[in-house]
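Report on one structure; see the data block that follows.
Bear in mind that the values in this text are calculations on the coordinates, not laboratory data. These numbers were taken from a predicted model, which means no experiment stands behind them. Cβ sites come from the backbone with ideal geometry, for glycine too, and all protein chains shown count toward neighbours.
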Amino acid sequence: MADRHVLGISGGKDSAALAVFVRQNHPELQVDYFFTDTGKELPEVYEFLGRLEGFLGKPIARLNPRRDFDFWLREYNHFLPSAQTRWCTRQLKLAPFEQWIKPMLAAGDKVTTYVAIRSDEEYREGYTSKHVNLKVKLPFRDAGIDKRAVLDILDSSGVGIPKYYDWRSRSGCTFCFFQQKIEWVRLKERHPEAFEEAKQYEKNALEHGSPFTWTQGEPLNELEKPARVIQIITDFERRKQRDLANRPVNPLRPLENLEDIDEIFGEDEGGGACVVCHK
């Protein structure tokens, strides 16, 4: 029996900052870092994982689901995942993690998993342990670390933030249904092949009677029409300027000026996205 420490990396800023924080403040811990790879991630995510591995000085284990998105899409009768039925998180994120730690728990090991929920996120809940030997810790909440402190950790360590934050406010799959419409427009601009794949998934799902589209109330073949794209961009820029007018800009702390798309739309950070994907 042994004490094991595991920390999941989503590809987002908070879990990366937590990995840095734990390494800097608890060097005595032998932490196993892991990333649950759905196979539908942005290339910027893999680049960032490599940068983080350089800082941590050890590899981040890639947990690949035994069955991919296409398999589970068929199992769910070609119905797309949605905020109401998050089978993607259940099957492609949580199940691989639980399979990974299962031998540890079976051997009698005590496993502590560290989750990157910040002190300014009282509304969020972490992973719920179903095993007596699996303990969940929230170091940021315990230490009073908020969003500003997370950005400071990443900046001072030299790790920085993933490049996709230039145009997107979340990690997770290319076709995450929590994306704002402006993020779909930008996905089409930057990764047109990923947009086309999402569009094909949606077309197939609708043909099989799925009640869901990726973005609520609007299929992607309508969203991508030039006039609609202009409308989405214009609306976003108007909201962004209004947000900037109400928020002081600090030139000495550039990461603080990071564009938070969900915040611009008046939603909680992540827009309700799953912690295991978004953080």
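Among the listed pairs 199/240; 163/203; 40/203, those whose Cα-Cα separation exceeds 23 Å are 199/240; 163/203. Which FRET efficiency, nearest 0.05, do residue 238 and residue 68 yield, Cβ-Cβ r, R0 51 Å? Efficiency, rounded to the nearest 0.05: 0.80.
When only C-alpha pairs under 8 Å and at least 6 residues apart count, what is the relative contact order of the stretch 123-242, in percent? In percent, rounded to a whole number, it is 17. Find how much the distance from residue 1 to residue 218 grows on full extension, using 0.36 nm per residue of separation minus their present alpha carbon separation; answer in nm with one decimal. Residue separation times 0.36 nm, minus the Cα-Cα distance, leaves 72.8 nm.
Extension gain for residue 189 to residue 125 (0.36 nm times residue separation, less C-alpha to C-alpha distance): 19.6 nm.
Per-residue ellipticity at 222 nm from helix content only, as computed over the chain with -39500 (n - 2.57) for each DSSP H run of at least four residues, stands at -12500 deg cm²/dmol.
Among the DSSP helices (H) of the chain, those spanning at least 15 angstrom by Cα along their long axis with an average Kyte-Doolittle hydropathy of 0.0 or more are 13-25, 43-56, 95-106, 147-157; this is a geometric and hydropathy rule only.
Please return the longest range in the chain lying between exposed loop sites, taking GluC sites (Glu not before Pro), DSSP loop only, at most 10 other beta-carbon atoms within 10 Å, and leaving the sites out.
That would be 123-279.
Between residue 98 and residue 24, the distance separating the two model label sites (each 7 Å from Cα on the Cα→Cβ line) works out to 3.5 nm.
Ignoring aspartates and glutamates fewer than eight residues from residue 225 along the same chain, the ones with Cα atoms less than 20 angstrom from its Cα are 183, 189, 193, 196, 197, 202, 235, 237.
What the phi angles of the stretch 68-76 give under the Karplus curve with 6.51, -1.76 and 1.60, with θ = phi - 60°, is a coupling list of 8, 4, 4, 4, 5, 4, 5, 4, 9 Hz, glycine and proline written as x. Counting only DSSP beta bridges with both residues in the chain, the antiparallel share comes to about 5 percent. Counting only DSSP beta bridges whose two residues both lie in the stretch 3-166, roughly 0 percent are antiparallel. For residue 137, the lysines whose Cα comes closer than 17 Å to its Cα, not counting residues fewer than 8 places off in the same chain, are 110, 279. Consider a paramagnetic label point 7 Å from the Cα of residue 51 along Cα→Cβ; state which residues of the stretch 165-184 have an amide N under 18 Å from it. It comes to 165-172, nothing else. From the coordinates of this entry, mean projected area of the Cα convex hull in nm² is computed, and it appears in [x] 16.1; [y] 15.2; [z] 13.3 under the label [y]. Packing order of peptides 133-142, 226-235, highest average first: 133-142, 226-235 (average count of other Cβ atoms within 10 Å over each peptide's residues).
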